[in-house]
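What follows is a set of notes on a single structure, which appears directly below.
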Amino acid sequence: MTTANGAMARVLAVESLVVRYTPRHSAGARSSVTALDGVSFSVAAGTTLALVGASGSGKSTLALCLACLERPTAGKILLEGREITALSESDLQAVRPRMQLVFQDPAGSLNPRLSAYEIVCEPFVVQRRFTAAERAQRVRDLFERVGLPFHLATRPPAEFSGGQRQRLAIARALALEPRVLILDEALAALDASVQAQIANLLLDLRQSSGLTCVFITHDLAMAARVANRIAVLDCGRIVESGTPIEMLRQPEHRATRALVGAMPNWSAPPQGQAGQ
(Lines give C-alpha, C1' and ligand atoms only; values in the text may rest on other atoms or scores of the structure.)
Protein backbone atom coordinates (compact mmCIF):
# COMPACT_ATOMS: atom_id res chain seq x y z
CA MET A 1 0.00 0.00 0.00
CA THR A 2 1.35 3.41 -0.99
CA THR A 3 0.29 7.00 -0.45
CA ALA A 4 -0.61 9.45 -3.22
CA ASN A 5 3.03 10.55 -3.58
CA GLY A 6 4.24 6.96 -3.92
CA ALA A 7 5.64 6.60 -0.39
CA MET A 8 4.88 3.48 1.63
CA ALA A 9 1.95 4.08 3.98
CA ARG A 10 2.59 3.84 7.71
CA VAL A 11 0.69 0.99 9.27
CA LEU A 12 2.08 1.52 12.77
CA ALA A 13 3.43 4.65 14.42
CA VAL A 14 4.73 5.09 17.96
CA GLU A 15 5.15 8.60 19.29
CA SER A 16 7.10 9.50 22.47
CA LEU A 17 6.05 6.33 24.31
CA VAL A 18 6.81 6.28 28.03
CA VAL A 19 6.25 3.46 30.51
CA ARG A 20 7.04 3.97 34.19
CA TYR A 21 6.50 1.50 37.01
CA THR A 22 6.22 2.40 40.66
CA PRO A 23 6.94 -0.76 42.66
CA ARG A 24 6.24 -0.82 46.38
CA HIS A 25 9.26 -1.76 48.47
CA SER A 26 9.09 -3.71 51.70
CA ALA A 27 9.30 -0.55 53.79
CA GLY A 28 6.39 0.98 51.91
CA ALA A 29 8.46 3.56 50.00
CA ARG A 30 7.87 4.06 46.28
CA SER A 31 10.38 4.78 43.53
CA SER A 32 9.73 5.09 39.82
CA VAL A 33 11.37 2.79 37.28
CA THR A 34 11.33 3.93 33.65
CA ALA A 35 11.08 1.01 31.22
CA LEU A 36 10.49 3.12 28.08
CA ASP A 37 11.61 6.71 27.80
CA GLY A 38 10.23 8.58 24.79
CA VAL A 39 10.30 5.82 22.15
CA SER A 40 9.24 6.86 18.64
CA PHE A 41 9.26 4.94 15.36
CA SER A 42 7.02 3.97 12.45
CA VAL A 43 6.62 0.87 10.30
CA ALA A 44 5.60 1.01 6.65
CA ALA A 45 3.16 -1.46 5.15
CA GLY A 46 4.73 -4.72 4.05
CA THR A 47 8.03 -4.12 5.83
CA THR A 48 9.76 -5.48 8.92
CA LEU A 49 11.24 -3.28 11.63
CA ALA A 50 13.63 -5.03 14.02
CA LEU A 51 13.87 -3.62 17.53
CA VAL A 52 17.16 -4.86 18.95
CA GLY A 53 18.57 -4.54 22.43
CA ALA A 54 20.19 -6.30 25.34
CA SER A 55 18.25 -7.71 28.28
CA GLY A 56 16.56 -4.94 30.23
CA SER A 57 16.50 -2.47 27.35
CA GLY A 58 12.68 -2.32 27.30
CA LYS A 59 11.96 -4.67 24.38
CA SER A 60 9.33 -6.87 26.04
CA THR A 61 7.57 -3.89 27.64
CA LEU A 62 7.32 -2.33 24.21
CA ALA A 63 5.95 -5.57 22.74
CA LEU A 64 3.17 -5.68 25.37
CA CYS A 65 2.27 -2.06 24.70
CA LEU A 66 2.10 -2.63 20.95
CA ALA A 67 -0.15 -5.64 21.45
CA CYS A 68 -2.50 -3.57 23.66
CA LEU A 69 -1.73 -5.80 26.65
CA GLU A 70 -0.18 -2.99 28.69
CA ARG A 71 -1.04 0.69 28.79
CA PRO A 72 1.79 3.22 28.48
CA THR A 73 2.25 6.03 30.97
CA ALA A 74 2.44 8.62 28.17
CA GLY A 75 2.76 8.84 24.40
CA LYS A 76 0.74 7.45 21.52
CA ILE A 77 0.43 4.30 19.44
CA LEU A 78 -1.35 4.73 16.12
CA LEU A 79 -2.59 1.81 14.02
CA GLU A 80 -3.38 2.90 10.48
CA GLY A 81 -3.67 6.47 11.72
CA ARG A 82 -5.99 5.71 14.64
CA GLU A 83 -4.69 6.30 18.16
CA ILE A 84 -5.27 3.17 20.21
CA THR A 85 -3.56 4.01 23.51
CA ALA A 86 -6.58 5.80 24.98
CA LEU A 87 -9.24 3.31 23.88
CA SER A 88 -11.53 1.69 26.41
CA GLU A 89 -11.12 -1.98 27.19
CA SER A 90 -14.22 -2.82 25.15
CA ASP A 91 -12.88 -0.90 22.14
CA LEU A 92 -9.50 -2.63 22.48
CA GLN A 93 -11.22 -5.98 22.00
CA ALA A 94 -11.76 -5.02 18.36
CA VAL A 95 -8.18 -3.75 17.94
CA ARG A 96 -6.21 -6.63 19.45
CA PRO A 97 -6.88 -9.09 16.58
CA ARG A 98 -5.17 -6.60 14.25
CA MET A 99 -1.96 -6.54 16.37
CA GLN A 100 -0.98 -10.15 17.05
CA LEU A 101 1.90 -11.12 19.33
CA VAL A 102 4.07 -14.25 19.01
CA PHE A 103 6.02 -15.04 22.18
CA GLN A 104 9.46 -16.55 22.71
CA ASP A 105 8.16 -19.78 24.24
CA PRO A 106 5.48 -21.36 22.06
CA ALA A 107 5.00 -24.19 24.56
CA GLY A 108 3.88 -21.65 27.17
CA SER A 109 1.57 -19.74 24.82
CA LEU A 110 -0.28 -22.71 23.31
CA ASN A 111 -3.06 -24.46 25.23
CA PRO A 112 -1.72 -28.00 25.88
CA ARG A 113 -5.25 -29.40 26.13
CA LEU A 114 -6.14 -28.45 22.56
CA SER A 115 -5.14 -30.09 19.32
CA ALA A 116 -3.15 -28.12 16.78
CA TYR A 117 -6.33 -27.76 14.72
CA GLU A 118 -8.25 -26.37 17.69
CA ILE A 119 -5.44 -23.94 18.52
CA VAL A 120 -5.46 -22.41 15.04
CA CYS A 121 -9.26 -22.48 14.83
CA GLU A 122 -9.82 -20.90 18.25
CA PRO A 123 -9.58 -17.25 17.06
CA PHE A 124 -12.41 -17.89 14.60
CA VAL A 125 -14.55 -19.39 17.37
CA VAL A 126 -13.84 -16.56 19.82
CA GLN A 127 -14.57 -13.91 17.19
CA ARG A 128 -17.60 -15.89 15.89
CA ARG A 129 -16.36 -15.80 12.33
CA PHE A 130 -17.18 -18.17 9.47
CA THR A 131 -19.07 -21.42 9.28
CA ALA A 132 -17.57 -24.71 10.44
CA ALA A 133 -16.70 -25.64 6.85
CA GLU A 134 -15.08 -22.25 6.23
CA ARG A 135 -13.08 -22.53 9.44
CA ALA A 136 -11.82 -25.97 8.42
CA GLN A 137 -10.61 -24.68 5.07
CA ARG A 138 -8.95 -21.64 6.62
CA VAL A 139 -7.13 -23.79 9.19
CA ARG A 140 -5.88 -26.06 6.39
CA ASP A 141 -4.73 -22.99 4.43
CA LEU A 142 -2.89 -21.61 7.48
CA PHE A 143 -1.09 -24.91 8.06
CA GLU A 144 0.06 -24.83 4.46
CA ARG A 145 1.04 -21.17 4.72
CA VAL A 146 3.44 -21.76 7.62
CA GLY A 147 4.77 -25.07 6.31
CA LEU A 148 3.06 -27.50 8.70
CA PRO A 149 1.79 -30.85 7.37
CA PHE A 150 -1.97 -30.94 7.88
CA HIS A 151 -1.88 -34.55 9.03
CA LEU A 152 -0.41 -33.21 12.30
CA ALA A 153 -3.55 -31.19 13.00
CA THR A 154 -5.05 -33.72 15.43
CA ARG A 155 -1.96 -33.80 17.65
CA PRO A 156 -1.44 -31.70 20.81
CA PRO A 157 1.42 -29.14 20.79
CA ALA A 158 3.48 -31.35 23.13
CA GLU A 159 4.02 -33.74 20.21
CA PHE A 160 5.51 -31.02 18.02
CA SER A 161 9.15 -29.99 17.83
CA GLY A 162 10.15 -26.51 18.97
CA GLY A 163 10.21 -25.21 15.42
CA GLN A 164 6.85 -26.78 14.62
CA ARG A 165 5.32 -25.23 17.74
CA GLN A 166 6.56 -21.81 16.68
CA ARG A 167 5.08 -22.33 13.21
CA LEU A 168 1.83 -23.28 14.94
CA ALA A 169 1.95 -20.11 17.04
CA ILE A 170 2.52 -18.03 13.90
CA ALA A 171 -0.38 -19.77 12.14
CA ARG A 172 -2.65 -18.94 15.07
CA ALA A 173 -1.46 -15.32 15.06
CA LEU A 174 -2.17 -15.02 11.33
CA ALA A 175 -5.67 -16.51 11.58
CA LEU A 176 -7.46 -13.16 11.90
CA GLU A 177 -5.31 -11.49 9.23
CA PRO A 178 -3.62 -8.94 11.51
CA ARG A 179 -2.26 -5.70 10.15
CA VAL A 180 0.88 -6.11 12.28
CA LEU A 181 2.61 -9.25 13.55
CA ILE A 182 4.79 -8.67 16.62
CA LEU A 183 7.44 -11.28 17.34
CA ASP A 184 8.97 -10.98 20.82
CA GLU A 185 12.22 -13.02 20.83
CA ALA A 186 10.27 -15.59 18.82
CA LEU A 187 13.43 -17.35 17.60
CA ALA A 188 15.50 -17.18 20.76
CA ALA A 189 14.55 -20.62 22.12
CA LEU A 190 15.26 -22.44 18.85
CA ASP A 191 18.52 -23.95 17.63
CA ALA A 192 20.37 -22.26 14.79
CA SER A 193 19.05 -24.41 11.94
CA VAL A 194 15.43 -24.01 13.07
CA GLN A 195 15.96 -20.27 13.56
CA ALA A 196 17.01 -20.07 9.93
CA GLN A 197 13.90 -21.96 8.82
CA ILE A 198 11.53 -19.66 10.74
CA ALA A 199 13.42 -16.59 9.51
CA ASN A 200 12.93 -17.80 5.95
CA LEU A 201 9.23 -18.33 6.70
CA LEU A 202 8.91 -14.72 7.86
CA LEU A 203 10.62 -13.49 4.70
CA ASP A 204 8.32 -15.62 2.58
CA LEU A 205 5.23 -14.29 4.38
CA ARG A 206 6.36 -10.71 3.84
CA GLN A 207 6.99 -11.28 0.16
CA SER A 208 3.86 -13.34 -0.53
CA SER A 209 1.27 -11.42 1.49
CA GLY A 210 2.80 -8.05 2.33
CA LEU A 211 2.89 -8.88 6.05
CA THR A 212 4.00 -6.01 8.30
CA CYS A 213 6.18 -7.14 11.22
CA VAL A 214 7.86 -5.81 14.33
CA PHE A 215 10.68 -8.24 15.10
CA ILE A 216 11.98 -7.88 18.67
CA THR A 217 15.28 -9.56 19.45
CA HIS A 218 18.69 -9.35 21.13
CA ASP A 219 20.29 -10.92 18.04
CA LEU A 220 21.52 -8.25 15.64
CA ALA A 221 22.57 -10.81 13.03
CA MET A 222 19.07 -12.28 12.85
CA ALA A 223 17.57 -8.79 12.80
CA ALA A 224 19.74 -7.94 9.79
CA ARG A 225 18.55 -11.09 8.07
CA VAL A 226 14.80 -10.48 8.36
CA ALA A 227 14.34 -6.70 8.66
CA ASN A 228 14.20 -3.76 6.29
CA ARG A 229 15.20 -1.40 9.09
CA ILE A 230 16.72 -1.82 12.55
CA ALA A 231 16.30 0.31 15.66
CA VAL A 232 18.51 -0.26 18.71
CA LEU A 233 17.01 0.06 22.19
CA ASP A 234 19.16 0.91 25.18
CA CYS A 235 17.86 1.84 28.64
CA GLY A 236 14.36 2.38 27.29
CA ARG A 237 15.37 4.63 24.40
CA ILE A 238 16.00 4.18 20.70
CA VAL A 239 19.61 5.24 20.39
CA GLU A 240 20.28 4.45 16.73
CA SER A 241 18.38 3.30 13.67
CA GLY A 242 19.00 2.60 10.02
CA THR A 243 19.15 -0.08 7.37
CA PRO A 244 20.85 -3.39 8.20
CA ILE A 245 23.86 -2.41 6.10
CA GLU A 246 24.22 0.91 7.93
CA MET A 247 23.89 -0.68 11.35
CA LEU A 248 26.36 -3.49 10.66
CA ARG A 249 28.98 -1.53 8.74
CA GLN A 250 28.95 1.78 10.62
CA PRO A 251 27.50 1.39 14.13
CA GLU A 252 27.74 4.69 15.99
CA HIS A 253 26.26 4.17 19.44
CA ARG A 254 28.10 2.06 22.04
CA ALA A 255 25.05 -0.21 22.43
CA THR A 256 25.03 -0.95 18.70
CA ARG A 257 28.77 -1.55 18.68
CA ALA A 258 28.36 -3.98 21.57
CA LEU A 259 25.67 -5.88 19.65
CA VAL A 260 27.90 -6.05 16.57
CA GLY A 261 30.79 -7.23 18.73
CA ALA A 262 28.65 -10.03 20.13
CA MET A 263 27.99 -11.49 16.67
CA PRO A 264 30.07 -14.67 16.25
CA ASN A 265 32.37 -14.89 13.22
CA TRP A 266 30.75 -11.84 11.68
CA SER A 267 31.93 -10.22 8.50
CA ALA A 268 30.20 -7.36 6.70
CA PRO A 269 27.70 -8.63 4.11
CA PRO A 270 28.08 -7.52 0.49
CA GLN A 271 26.35 -4.22 -0.15
CA GLY A 272 22.62 -4.68 -0.70
CA GLN A 273 22.23 -8.17 0.76
CA ALA A 274 21.27 -7.55 4.39
CA GLY A 275 17.59 -7.03 4.97
CA GLN A 276 16.58 -7.87 1.42
Do we find a residue being free of Cβ contacts under 8 Å to residues at least 12 places away in the same chain and under 28 Å from PRO72 (Cβ atoms) anywhere in segment 168-177? yes
Count of segment 237-253 residues which are surrounded by fewer than 23 Cβ atoms within 10 Å (Cβ to Cβ), of a type outside the set (A, V, I, L, M) and in contact (Cβ under 8 Å) with a residue 24 or more places away in the chain: 3
Identify, please: which residue in segment 204-220 is assigned to a helix (DSSP H, G or I) and surrounded by fewer than 18 Cβ atoms within 10 Å (Cβ to Cβ) and is, among those, modelled with the highest pLDDT? ASP204
So which residues in segment 100-124 are farther than 27 Å from VAL11 by Cβ, of a type in the set (A, V, I, L, M) and not in a loop (DSSP other than H, G, I, E, B), if there are any at all? ALA107, ALA116
Subset of segment 178-198, residues over 22 Å from PRO112 (Cα atoms), hydrophobic (A, V, I, L, M, F, W, C) and touching a residue at least 60 places away in the same chain (Cβ under 8 Å), comes to VAL180, LEU181, ILE182
Does segment 134-155 contain any residue that is small (Gly, Ala, Ser), under 30 Å from THR256 (Cβ atoms), outside any helix (DSSP H, G or I) and out of contact with any His (no Cβ under 8 Å at 6 or more places or on another chain)? no
The residue from PRO97, PRO112 that alone is in contact (Cβ under 8 Å) with a residue 40 or more places away in the chain and surrounded by 15 or more Cβ atoms within 10 Å (Cβ to Cβ) is PRO97
Might you let me know whether segment 199-215 holds any residue that is among the aromatic types (Phe, Trp, Tyr), over 16 Å from GLY46 (Cα atoms) and touching a residue at least 12 places away in the same chain (Cβ under 8 Å)? no
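The values are calculated or read from the model by the stated rules, or taken from the named source; none is laboratory data. Just so it is clear, the structure is predicted and the values come from calculations on it, not from any experiment. All Cβ positions, glycine included, derive from the backbone under ideal geometry; neighbour counts span all protein chains shown.
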